[in-house]
1. Under 8 Å for C-alpha pairs, at least 6 residues apart: give me the relative contact order for region 84-241, rounded to a whole percent.
2. Which order do the peptides 90-101, 217-228, 63-74 come out in when sorted by mean C-beta neighbours inside 10 angstrom, highest first?
3. Shape of region 159-219 from its Cα gyration tensor (a ≥ b ≥ c, root eigenvalues): rounded if a/c is under 1.5, otherwise prolate when a/b > b/c, or oblate?
4. Can you bin region 70-174 into rounded, prolate or oblate? Criterion: square roots of the alpha carbon gyration tensor eigenvalues sorted a ≥ b ≥ c, rounded for a/c under 1.5, prolate for a/b above b/c, oblate for the rest.
5. Just the ratio, please: alpha-carbon radius of gyration of region 89-241 over 2.2 N^0.38 Å, N its number of residues.
6. Please report the net charge: other residues with Cβ closer than 12 Å to the Cβ of Arg174, K and R +1, D and E -1.
7. If Lys and Arg each add +1 and Asp and Glu each add -1, what is the summed charge of the other residues whose beta carbon sits under 14 Å from the beta carbon of Glu36?
Amino acid sequence: MKSLRPKPAWNLSLICLLLAGGGLPTAMAGAPAPIEIGLAVRDITPEPPIWLAGYAARKRPADRVDHPLVAQALAIKNFTGERFVLVSLDNCEVSQAFNAPVFAELQSKHGLKPGEVMIVSSHTHSAPVLELTLEGMYGMSPADREKVRQYSQTLRSKLVEVVGAALADTQPARLDQGRGRATFAMNRRVYRGDRIDFGENLDGPVDWDVPVLRIRGTNDTLRAIVFGYACHGTSIHGDDF
């Protein structure tokens, strides 16, 4: 992560709080509000070669697929019909400009207003560059940029599709929230005089909380687990293609 800005985990904590009854109206005094949850997944793996986002020093496009990339959607509806959709996708980041056509189409197709859809990225450095999202960091040829443009258009369509599928899948659910702790996250900002380097800052701020939301069907079958963790994991080098 390029700054110490709040991570999506905070947003997930808020969702857990609302779903636990802190912010949603109830059907009757003392009874939990009936909640409906819909789930959907779509494959968003590109056809190589294509430039990957994250490491600005890369000199060429990726030439193979090691693991598939996915977009996942969680649709929430309460008994008054209020809806919220959380979308998580395997990509480095998405900009407001990239998302704007997606939000416009979701409002047109499904009546989802601004603020009723949240799109978050896993921040992987092993997914394609997207148009209107830090394109200038990479030394792409016109042909490479066209490949990025085509993938970006496909991804936008898949995002609209996965949200629609999640909305269509909504069904009564039972929810449990919890909070765990994982201590492997490390502050990476090392202050040396007037310079800031990457490294291990044992005294720097770090968030070890792991908010968790368990979603079960009315028959107690586990349907999904949603969690968030604020960690910039690094497991590959920039020259891994």
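No lab work stands behind these numbers, since they all come straight from the coordinates. Not measured: the values here are computed from a predicted model. Don't worry about glycine lacking a Cβ; one is built from the backbone with ideal geometry, like all the others, and counts go over all protein chains shown.
1. Details: 198 pairs, mean separation 27.7, N = 158.
Rounded, it is 18 percent for region 84-241.
2. Values: 90-101: 17.1, 217-228: 12.8, 63-74: 14.7.
Result, highest mean first: 90-101, 63-74, 217-228.
3. Working: a/c = 6.52, a/b = 2.26, b/c = 2.88.
Cα axes put region 159-219 in the oblate bin.
4. Working: a/c = 2.66, a/b = 2.19, b/c = 1.21.
Because a/c hits 1.5 or more and a/b exceeds b/c, region 70-174 counts as prolate.
5. Details: Rg = 19.4 Å, N = 153, 2.2 N^0.38 = 14.9 Å.
Cα-based Rg divided by the globular estimate yields 1.31.
6. On the way: positive: Arg214, Arg216, Arg223; negative: Glu36, Asp176, Asp220.
Surrounding charge for Arg174 is 0.
7. Values: positive: Lys77, Arg83, Arg174, Arg216, Arg223; negative: Glu82, Asp169.
Taking every other residue near Glu36 into account, the sum is +3.
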